[in-house]
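The values are calculated or read from the model by the stated rules, or taken from the named source; none is laboratory data. Bear in mind that the values here come from a model prediction, so they are computed numbers and not experimental data. As a convention, Cβ positions derive from the backbone with ideal geometry for all residues, glycine included, and neighbour counts pool all protein chains shown. Side chains included, ligands, DNA and RNA excluded: accessible areas come from the protein's heavy atoms. Shrake-Rupley method; radii C 1.70, N 1.55, O 1.52, S 1.80 Å.
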Amino acid sequence: MKHLLLVVLVSFGMAVQAQLKTYPVGLHTGMPHNDDYTVRVRMLGGEWQDVFEYKVQVDLDKPQDASMVQFDMGSPVEVMVKKNNGTVREVAIRPLNNNIACRQVQNAVFFTLDKPQNLSIEFNGDRLHNLHLFANPMEEEVYSEEAEGVMFFGPGIHRPKDLPNNQIRIPSNTTVYLAPGAVLKAKLLVDNAKNVRIIGRGILDHPVRGIEITDAKNVLIDGITVVNPEHYTVFGGGSSEIVIRNLKTFSCKSWSDGIDMMCCRKVLVDNAFLRTGDDCIALYNHRWNWWGGSSDITVRNSVLWADVAHPINVGGHGDPDSLTGEVIENLTFHNIDILEHDEDDPLYQGCMTVDCGDKNWVRNVLFEDIRVENIQEGRLFYVKVRFNPKYDKQPGNGIEGITFRNITYTGVGENASLVQGLDKNRCVRNVVFDSIIINGVKMKHLKGIIKNEFIEDIEIK
């Protein structure tokens, strides 16, 4: 009871006293600094506060050093970003949909944020050495020490106590709190557990995986940043009732996907920023130790940046030995900004991909209010029943009920979108393209889309 009172009082105090919180403890964590930028923030009319510019790496093809800063805000703030090398000719603050205007003074820009958001600030078109700015909401729950049911990581570097082990197992009914300035060099494993919460403003630094959720139920991830994991940022297998909120990640390794779910149900991803060296979001059926299909998964209010591979990938991996095949269904992708898609191999191209293999059925998928800013190499839409011997033992069974609504794309040079079935028994059915705007022009027909005779009931609105 005493500890709970401490949490409530601290949270209440933050709400009434501080509407801006920076993390100067970042200077003492041992995380690498990037001097490309100087970043300061202040409440309107207040005093400037320095923030720590972390070095992160991006892009699988040739990893590059970019920057990241973060702070918490509960009222409007002004931000200064100064570029410390070279001349500033142009500035972009993305997602462009946020409509953030800036004022340039020599090599610095000033802008105001009226609400929390995740941004990329890019000078002279450089997207590989940019600044990622994460303006978090104020923390609502703060801990200052270990307690019953609370695993606490304070400012500084933390490793598993039983080295050379590279993971920390989280038991049921546990809150894991990573305080601002906490840097954890380990994977968090939630296995055969329930009622687990992983919260705070801390960082998982170069783990094998970030957070692994297997055969678990009722798991919350909120506010964590994962920097350059060797593999997935969040992996879910055979789990349900997962909420992932305000997650930020960078990755630049092979198979370093953002969020991958195998045979999971009732999942919500909200307000994530995923910049990855492989798929940002991948939703699959059977793989490894998990069977039973997937359903009721929503990704919303997020920013996706695939330096390589797909921003959104649905339908791969299934149970080829099943008599009927597994089903992945009832998926929603809503209010998403896709900042980049770059994939050289035509088999794995697609900002919004439904790629059905391994005896799977894919049903009822909605892509809505999605803005695609750039395709370096790839496609806008990819809907295909496939047989890919690299990953499949059987072809996919079929795709039915896919809706693309209110999609905008501005760019040139992408490959044509694709909608294809495999044969007369493995078709794509009931696909709707509703209010698709490409470079300001509304889509009116399927001209220019690669298709075949194994598609039925394709509607354009």
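Which links in Lys248/Lys451; Lys187/Lys266; Lys62/Lys161; Lys185/Lys266; Lys185/Lys248 stretch past 26 Å when you go from one Cα to the other? In this structure, Lys248/Lys451; Lys62/Lys161; Lys185/Lys266 lie more than 26 Å apart at Cα. For the stretch 331-461, the share of DSSP beta bridges that are antiparallel, to the nearest 5, is 10%.
If I compute solvent accessible area with a 1.4 Å probe over the protein chains, what percent of it on the chain is carbon and sulfur?
Details: 9130 of 18630 Å².
On the chain, the fraction of accessible area on carbon and sulfur atoms equals 49 percent.
Extension gain, Asp457 to Glu78, is 131.4 nm, computed as 0.36 nm per intervening residue step minus the present C-alpha separation.
For the stretch 366-396, applying the loop criterion from DSSP together with a ceiling of 15 other beta carbons within 10 Å to the trypsin sites (Lys or Arg not before Pro) yields Lys390, Lys393.
Which whole-number value in Å² is the accessible area per residue of the chain, probe 1.4 Å?
Working: 18630 Å² over 461 residues.
Counting only protein heavy atoms, the per-residue value for the chain is 40 Å².
Loop-located GluC sites (Glu not before Pro) in the stretch 52-94 (DSSP state other than H, G, I, E, B) with a sparse environment of at most 13 neighbouring Cβ atoms within 10 Å: Glu90. Dividing the helix sum by the residues of the chain, where each DSSP H run of 4 or more adds -39500 (n - 2.57), gives a mean residue ellipticity at 222 nm of -1000 deg cm²/dmol.
Between Lys390 and Ile450, 0.36 nm times their residue separation minus their Cα-Cα distance comes to what? Before the final figure, lay out each step's value.
Values: separation 60, 0.36 × 60 = 21.60 nm, distance 2.27 nm.
Computed gain between Lys390 and Ile450 is 19.3 nm.
Students often check this: by mean Cβ neighbours within 10 Å, which of 43-49, 67-73 ranks highest, and how do the rest follow?
Details: 43-49: 11.3, 67-73: 23.1.
Sorting 43-49, 67-73 by mean packing, highest first, produces 67-73, 43-49.
Quick check on packing: order 236-242, 415-421 by the mean number of other C-beta atoms within 10 Å, highest mean leading. Before the final figure, lay out the partial values.
Values: 236-242: 22.9, 415-421: 19.7.
Per-residue mean Cβ counts within 10 Å order the peptides as 236-242, 415-421.
Would you mind classifying the stretch 130-257 by shape? Square roots of the alpha carbon gyration tensor eigenvalues, ordered a ≥ b ≥ c; an a/c under 1.5 is rounded, otherwise it is prolate if a/b is larger than b/c and oblate if not.
Working: a/c = 1.23, a/b = 1.05, b/c = 1.17.
Since a/c stays below 1.5, the shape of the stretch 130-257 is classed as rounded.
If you take the Cα centroid of the stretch 346-420 and the Cα centroid of the stretch 26-102, the two points sit 34 Å apart. Where the centre of each part is set by its Cα atoms, how far does the stretch 121-157 sit from the stretch 176-223, in angstrom? With the stretch 121-157 and the stretch 176-223 each reduced to a Cα centre, they are spaced 13 Å. In plain terms, the chain from Ser254 to Met43 could stretch by 71.9 nm, reckoned as 0.36 nm per residue minus the Cα-Cα distance.
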